[in-house]
């Protein structure tokens, strides 16, 4: 297929189907709302109920891309309504809630804060099954979108798809802001399915309405479970027990024991390690203290018993903070000496000018990933060498830095203690109260004279510090873990089978290999931007939602510019794209972190969205010249799934190097376009 040399330079002038009217446009927007909202809901819900799919949310994202791509391919072969999608969704929800899956991920070289019991299939099988179920579910909304694509001009359809996606993100963000339980997600999804599938016969009505009611019923039952709360990050459950005259509330997140709420004095008596940071710094006045990972308030309450005059308590999860505000018997968050900050710890450090006598990282393990990312956990940027350096810069003379947790493996203790020694230029105190190395308390003074150790850290393992470019503190070596390799292999094999079954011969996509590469490269570009903004502004759910919305807005802007104005030819746009990638490679994150927040935001937005804009002008111009909208768009989405797999290369080479992989993929797309003379379409 070769574009005519005389092809119009503005995509709005492209020949297309006869205008079908408003109904198709509204249907396309509604279908896109369903597609994006359902994708976000599946990532969020499965991560809360399949332990520990919260550590593998990228597998659900890849399943979504496969399903959407296969749905576009299938739409070119059939006009039957995709009833199977809603049926599979109701079946998945029912099976997960009726037969809970808890996967034990307690490996030696990759640490998960895991469940205490194991049920269901092994991880290598459970992950591909969830992946395949997600793909089948997402094929349905994609078919609905693709059917509208065939009735509208290319870029008009793509534009409306982006508008619907933005509405879907806005709806999910609004429900997250209100801490809405899953039944709210289920009602919205069920209503959209029923409206879009519009059954006209009794049998099809049963096939649609019965699964919709089942979905709402099962999620409704889950949503009214006593003492269960939904935060933007986790499914939180509390269990209050009174024994020996003491009341303790255990908190689990996504089915994993997480925190406990009890009286501070009793906690210090039972677990005295909470007092070690104060014990190891006897000359420190402890007037002003920062607690990162303040959770339900135990650490703040203990600090108050130590005579601390002011505490900045930073907690990323507003629901955990709310539980502490209402259930903590010492009510630390209601004490005028405590200032609460719902924020990411690293983001707080990079934005505050306060100085502290003591900074404590208090068991900040999130038990989940940044949504849609393969390896970045909410707390990842808190444990890098650069983060420790930032903590050091916020200490007053005579100050100290401390952290404690149940670290699972001694090599992790050595990584963190070694990072502190490198940043503070002397070895920290290390207390190991349980003698097994799981629980460890590390305290390091601004100078060696500012700490008083019972035992100084002595390394057993040589483990390199994690950095902002490779913030994988729980991964021992620069490698891709076997569990990921096996699951990725099964996923790629399954993908070939699904694409062949849904789209027929793979030869249909051969002419769109360049669009496939554009999709893979764009996914890596998006990953780099999401992780970059997480570093610069925090890993909070709101930052993540804003970044995804910003990406879609940049894509929409590129489409609108391409539709309405004469844009430069494709070689020029590729030049702009490669220049943007080069700037992203050359400008270090440390330089941006040193800027004030407004200037940092302006610089980050420019650096992130210029290449995204250029990449999507290229895509829009190329997509407008295709002969088969559904097949070409499906190829692009399947390329995005490959990009999600390539994201795991960051575990080995770091996030910065993903820009080089993206550049290579874009170069491949440019070569394919030139060989086929498609560049003339621009």
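Does residue 204 qualify as being touching a residue at least 40 places away in the same chain (Cβ under 8 Å), surrounded by 14 or more Cβ atoms within 10 Å (Cβ to Cβ) and in contact with a strand residue (DSSP E or B) (Cβ under 7 Å, 6 or more places away or on another chain)?
Considered against the rule, which asks whether it is touching a residue at least 40 places away in the same chain (Cβ under 8 Å), surrounded by 14 or more Cβ atoms within 10 Å (Cβ to Cβ) and in contact with a strand residue (DSSP E or B) (Cβ under 7 Å, 6 or more places away or on another chain), residue 204 comes out as no.
The rows are residues; the columns are (1) outside the structural domain of residue 639 (by TED's automatic domain parsing); (2) out of contact with any strand residue (DSSP E or B) (no Cβ under 8 Å at 6 or more places or on another chain); (3) modelled with pLDDT of 70 or more; (4) at negative phi.
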| residue | (1), (2), (3), (4) |
| --- | --- |
| 45 | no, yes, yes, yes |
| 54 | no, no, no, yes |
| 69 | no, yes, yes, yes |
| 73 | no, yes, yes, yes |
| 78 | no, yes, yes, yes |
| 84 | no, yes, yes, yes |
| 122 | no, yes, no, yes |
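Give the residues of the range 241-276 that are free of Cβ contacts under 8 Å to residues at least 24 places away in the same chain and part of a strand (DSSP E or B), sorted by residue number.
Matches in the range 241-276: 241, 242, 243, 246, 248, 250, 252.
Before we move on, is residue 542 in the same structural domain as residue 155 (by TED's automatic domain parsing), over 19 Å from residue 637 (Cα atoms), in a helix (DSSP H, G or I) and at pLDDT 90 or above?
Judged against the criteria, residue 542 is not a match.
Can you work out which of the residues in the range 439-465 that are assigned by TED's automatic domain parsing to the domain that holds residue 400 and under 15 Å from residue 415 (Cβ atoms) is farthest from the chain's Cα centre (by Cα)?
It comes out as 444.
Testing residue 272 on (1) under 30 Å from the mean Cα position of the chain (by Cα); (2) under 30 Å from residue 442 (Cβ atoms); (3) exposed (fewer than 14 other Cβ atoms within 10 Å of the Cβ), one condition comes back false. Which one is that?
Going through the list (1) under 30 Å from the mean Cα position of the chain (by Cα); (2) under 30 Å from residue 442 (Cβ atoms); (3) exposed (fewer than 14 other Cβ atoms within 10 Å of the Cβ), residue 272 breaks only (1).
Would you confirm whether any residue within the range 572-582 is within 23 Å of the chain's Cα centre (by Cα) and outside any loop (DSSP other than H, G, I, E, B)?
Yes, there is a match, as at least one residue in the range 572-582 is within 23 Å of the chain's Cα centre (by Cα) and outside any loop (DSSP other than H, G, I, E, B).
All but one of (1) modelled with pLDDT of 90 or more; (2) buried (at least 18 other Cβ atoms within 10 Å of the Cβ) hold for residue 671; which doesn't?
(2)
Kindly evaluate residue 323 against the criterion of being assigned to a helix (DSSP H, G or I), out of contact with any helix residue (DSSP H, G or I) (no Cβ under 9 Å at 6 or more places or on another chain) and in the same structural domain as residue 357 (by TED's automatic domain parsing).
Criteria met by residue 323.
Out of (1) under 24 Å from the mean Cα position of the chain (by Cα); (2) surrounded by fewer than 23 Cβ atoms within 10 Å (Cβ to Cβ); (3) in a loop (DSSP other than H, G, I, E, B), the odd one out for residue 590 is which?
(3)
Quickly run through the range 75-89 and pick out the residues that are surrounded by 24 or more Cβ atoms within 10 Å (Cβ to Cβ) and within 29 Å of the chain's Cα centre (by Cα). Break it down into steps so the answer makes sense when it comes.
Within the range 75-89, the first condition is being surrounded by 24 or more Cβ atoms within 10 Å (Cβ to Cβ), and the residues that meet it are 75, 82, 85-86, 89.
Result: 82, 85, 86, 89.
Which residue out of 198, 180, 190 is over 25 Å from residue 267 (Cα atoms) and in contact with a helix residue (DSSP H, G or I) (Cβ under 6 Å, 6 or more places away or on another chain)?
Every option except 190 fails the conditions.
Right, residue 288: under 24 Å from residue 538 (Cα atoms) and over 31 Å from the mean Cα position of the chain (by Cα) or not?
Spelling it out, residue 288 is indeed under 24 Å from residue 538 (Cα atoms) and over 31 Å from the mean Cα position of the chain (by Cα).
May I ask you to say which residue of 637, 646, 610, 642 is assigned by TED's automatic domain parsing to the domain that holds residue 493, assigned to a helix (DSSP H, G or I), without any contact (Cβ under 8 Å) to a residue 40 or more places away in the chain and touching a helix residue (DSSP H, G or I) at 6+ places or on another chain (Cβ under 8 Å)? Walk me through how you get there before you give the answer.
On the way: 637 fails: without any contact (Cβ under 8 Å) to a residue 40 or more places away in the chain; 646 fails: without any contact (Cβ under 8 Å) to a residue 40 or more places away in the chain; 642 fails: without any contact (Cβ under 8 Å) to a residue 40 or more places away in the chain.
None of the other options fit; the residue is 610.
Do we find that residue 458 is modelled with pLDDT of 90 or more and surrounded by fewer than 19 Cβ atoms within 10 Å (Cβ to Cβ) in this structure? Walk me through it before giving the result.
Details: modelled with pLDDT of 90 or more: yes; surrounded by fewer than 19 Cβ atoms within 10 Å (Cβ to Cβ): yes.
Judged against the criteria, residue 458 is a match.
Residue-wise test of (1) outside the structural domain of residue 91 (by TED's automatic domain parsing); (2) within 30 Å of residue 544 (Cα to Cα); (3) part of a loop (DSSP other than H, G, I, E, B).
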position	(1), (2), (3)
160	no, yes, no
164	no, yes, no
170	no, yes, no
180	no, yes, yes
185	no, yes, no
188	no, yes, no
199	no, no, yes
207	no, no, no
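Inside the range 375-395, can you point out the residues that are part of a strand (DSSP E or B) and more than 18 Å from residue 315 (Cβ to Cβ)?
Within the range 375-395, 395 is the sole residue that qualifies.
Being surrounded by fewer than 16 Cβ atoms within 10 Å (Cβ to Cβ), assigned by TED's automatic domain parsing to the domain that holds residue 401, without any contact (Cβ under 8 Å) to a residue 24 or more places away in the chain and farther than 22 Å from residue 447 by Cα: is that true of residue 336 here?
So residue 336 passes the test.
Looking only at the range 466-511, filter to residues that are part of a loop (DSSP other than H, G, I, E, B) and over 23 Å from the mean Cα position of the chain (by Cα); which one of those is nearest to residue 73 (Cα to Cα)?
Ranking the candidates gives 504 first.
Of the residues that make up the range 281-295, is at least one over 26 Å from residue 444 (Cα atoms) and either not in a helix (DSSP H, G or I) or not assigned by TED's automatic domain parsing to the domain that holds residue 44 (or both)? Give the steps one after another, and end with the answer.
Taking the range 281-295 and keeping what is over 26 Å from residue 444 (Cα atoms), we get none.
Scanning the range 281-295, I find no residue that is over 26 Å from residue 444 (Cα atoms) and either not in a helix (DSSP H, G or I) or not assigned by TED's automatic domain parsing to the domain that holds residue 44 (or both), so the answer is no.
When you check residue 248 against the structure, is it touching a strand residue (DSSP E or B) at 6+ places or on another chain (Cβ under 8 Å) and under 30 Å from residue 351 (Cβ atoms), yes or no?
Details: touching a strand residue (DSSP E or B) at 6+ places or on another chain (Cβ under 8 Å): yes; under 30 Å from residue 351 (Cβ atoms): no.
No, not satisfied.
Has the range 654-668 got any residue that is over 26 Å from residue 496 (Cα atoms), in a helix (DSSP H, G or I) and at pLDDT 90 or above?
Let us first name the residues in the range 654-668 that are over 26 Å from residue 496 (Cα atoms), namely 654-657, 659-660.
Going one step further and asking which of them are in a helix (DSSP H, G or I), we end up with 659-660.
If we keep only those that are at pLDDT 90 or above as well, we get 659-660.
There is at least one residue in the range 654-668 that is over 26 Å from residue 496 (Cα atoms), in a helix (DSSP H, G or I) and at pLDDT 90 or above.
The values are calculated or read from the model by the stated rules, or taken from the named source; none is laboratory data. Predicted, not measured: the structure shown is a model, and the values here were computed from it. FYI the Cβ positions are ideal-geometry reconstructions off the backbone, even for glycines, and counts take in every protein chain you see.
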